[in-house]
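Engineer: Got a structure here, written out as structure tokens. Questions coming.
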Amino acid sequence: MVRVQAGEIQLGWREWGQGDVTVVFIHGNLASKDWIELAAPLFPSGLRVIGIDWRGCGDSDRPRPVADYSNYSMQQHALDMLAALDTLDIGYCHLATHSTGGIIAARMLLMQPQRFGRVFALDPVTPLGMAFNTDQIGVFRAMMESKELTRTIMATAASSLFVPESMAPNVMPRFREGLKEIQALFDRIIEQTFGVSEGIWIGTPVNLTRERESRELERRMPELKQPHLVLWGEWDGWIAPADLRTMAEAMPDCRLVVVPRVGHSMNLEVPALYAGYFGAWFGGLTA
């Protein structure tokens, strides 16, 4: 386990490749840095890619959540990431994000815009946030008590890995044939997910709802001037495409690409395809 100091806590981190161009991967909710481990060996040479676990996830510390989960807010995650970059002596880098990592990155970009270059966003939670009602938050609370339910819900975030008929209600999702290392990684990820902090299970939907209601980042989208490539899998049932279109229209340099026959997590579902887009966006950069 390798960890980096980030303020008063330590965050888990991993590194792939070497080069003058640094890309930092910000993972999504209930996830970890390991979600790109099958894609990372396929990234172009000359890239140094670093994945950092949020507080409460992966190999990071798990501070006890306060009553309103404010110590697990998107702002707090962004501050943690910036502190980790300081400790790692990364003065300038590019960002790759997945899901809720997208809105964490938006806060990082707004706080220190000069520090970041390009952004590669896979199925991102946009600066608009997301709204979760009481019943939906109740599902997350139930997942904390059931690994089987956790696996069933997490399967919807990587839907192309599973037999379609097995994705029906009250049916245990079944992997398609021939997935091998992808299946092994998914199974390991479920074990990781089941161990995250309550600040992640409940704090993330609570704080994403606050982001949606405040509209603070929505108003600031025109300030996000860094070049963005945004990918959305057409089978993604988590991220509303209307939000992505709103973001693409509001931000000065944002291209939205719809990818067919893939769900919410191309980095898990089709690692080689993810690496191809990643390389096309970051390969050839000199800094």
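Engineer: TRP281: net charge of surrounding residues, Cβ under 14 Å, Lys/Arg +1, Asp/Glu -1, itself excluded?
Structural biologist: Within the 14 Å Cβ shell, the charges total +1.
Engineer: Determine the calculated [θ] at 222 nm for the chain from helices alone, applying -39500 (n - 2.57) to every DSSP H run no shorter than 4 residues and normalising by the residue count; nearest 500 deg cm²/dmol.
Structural biologist: -10500 deg cm²/dmol
Engineer: Something else: What value does the stretch 1-119 have for Rg/Rh, both radii from Cα atoms and Rh as Kirkwood defines it?
Structural biologist: Value, to two decimals: 0.94.
Engineer: For the charge dipole of the stretch 1-126, defined by +1 on Lys and Arg C-beta atoms and -1 on Asp and Glu C-beta atoms about the Cα centroid, which residue among VAL23, GLY51, MET111 has the Cα displaced farthest towards the positive pole?
Structural biologist: Positive-most Cα among the choices belongs to MET111.
Engineer: For VAL259, enumerate residues with amide H under 5 Å from its amide H, sequence gap 5+ or separate chain, H modeled in the peptide plane.
Structural biologist: Those lying under 5 Å, H to H, from VAL259 are TRP232, GLY233, GLU234.
Engineer: If you don't mind, there's one more thing I want to ask. Could you pull out every one of the aspartates and glutamates with an alpha carbon less than 14 Å from that of LYS225, ignoring same-chain neighbours closer than 8 positions?
Structural biologist: Here the aspartates and glutamates satisfying the reach criterion relative to LYS225 are GLU249, ASP253.
Engineer: About the Cα centre of the stretch 200-243, how large is the charge dipole given +1 on each Lys and Arg Cβ and -1 on each Asp and Glu Cβ? Please answer in debye to the nearest 20.
Structural biologist: 200 debye
Engineer: In the chain, what % of DSSP beta bridges are antiparallel (nearest 5)?
Structural biologist: Close to 25 percent.
Engineer: For ILE190, what is the net charge nearby, where nearby means another residue's Cβ is under 13 Å from its Cβ and Lys, Arg count +1, Asp, Glu -1?
Structural biologist: Its environment carries a net charge of -1.
Engineer: Before anything else, pin down the relative contact order of the stretch 168-265: Cα pairs under 8 Å, at least 6 apart, normalised by residue count, whole percent.
Structural biologist: Rounded, it is 25 percent for the stretch 168-265.
Engineer: Here's another thing I want to ask about it. Straight-line reach from LYS147: which lysines fall under 29 Å, measuring Cα to Cα and dropping same-chain residues less than 8 apart?
Structural biologist: Those lysines meeting the cut-off are LYS33, LYS180.
Engineer: Any idea which of GLY12, ALA84, ALA67 is furthest toward the positive side of the dipole for the stretch 3-120, if Lys and Arg beta-carbons carry +1 and Asp and Glu beta-carbons -1?
Structural biologist: Value computed over the given set: ALA67.
Engineer: Let me ask something else about it. Non-local amide H neighbours of VAL23 (under 5 Å, H modeled in plane, Pro and chain starts lacking H): which ones?
Structural biologist: ARG48, VAL49, ILE50, HIS94
Engineer: Over the chain, with every protein chain in place, what whole percent of the accessible area is carbon and sulfur at 1.4 Å, could you tell me?
Structural biologist: Answer for the chain: carbon and sulfur cover 51 percent of the accessible area.
Engineer: Just how large is the dipole of the stretch 183-268 about the Cα centre, in debye to the nearest 20, putting +1 at every Lys and Arg Cβ and -1 at every Asp and Glu Cβ?
Structural biologist: That gives a dipole near 200 debye.
Engineer: Find the relative contact order for the chain and round it to a whole percent, using C-alpha pairs within less than 8 Å whose residues are 6+ positions apart.
Structural biologist: 24 percent
Engineer: Let me ask something else about it. How charged is the neighbourhood of ALA83? Take every other residue with its Cβ under 15 Å from the Cβ of ALA83, and add Lys/Arg as +1 and Asp/Glu as -1.
Structural biologist: After counting each charged neighbour, the total is -2.
Engineer: For the chain, with only Lys/Arg (+1) and Asp/Glu (-1) charged at the beta-carbon, what is the dipole magnitude about the Cα centre, in debye rounded to 20?
Structural biologist: So the dipole magnitude of the chain works out to roughly 240 debye.
Engineer: I've got another one for you. Please compute the per residue accessible area over the chain with all protein chains in place, 1.4 Å probe, rounded to a whole number of Å².
Structural biologist: 42 Å²
Engineer: Next up: Would you please state the base-10 log of I(q)/I(0) at q = 0.06, 0.07, 0.10, 0.16 1/Å for the chain, with intensities from the Debye formula using one equal scatterer on every alpha carbon?
Structural biologist: Taken in order of the listed q values, log10 I(q)/I(0) reads -0.16, -0.22, -0.47, -1.38.
The values are calculated or read from the model by the stated rules, or taken from the named source; none is laboratory data. Because the structure is a prediction, the values reported are computed rather than measured. Backbone-built Cβ (ideal geometry, glycine too); neighbour counts: all protein chains shown. Calculation scope for accessible area: heavy atoms of the full protein, side chains included, ligands and nucleic acids excluded. Shrake-Rupley method; radii C 1.70, N 1.55, O 1.52, S 1.80 Å.
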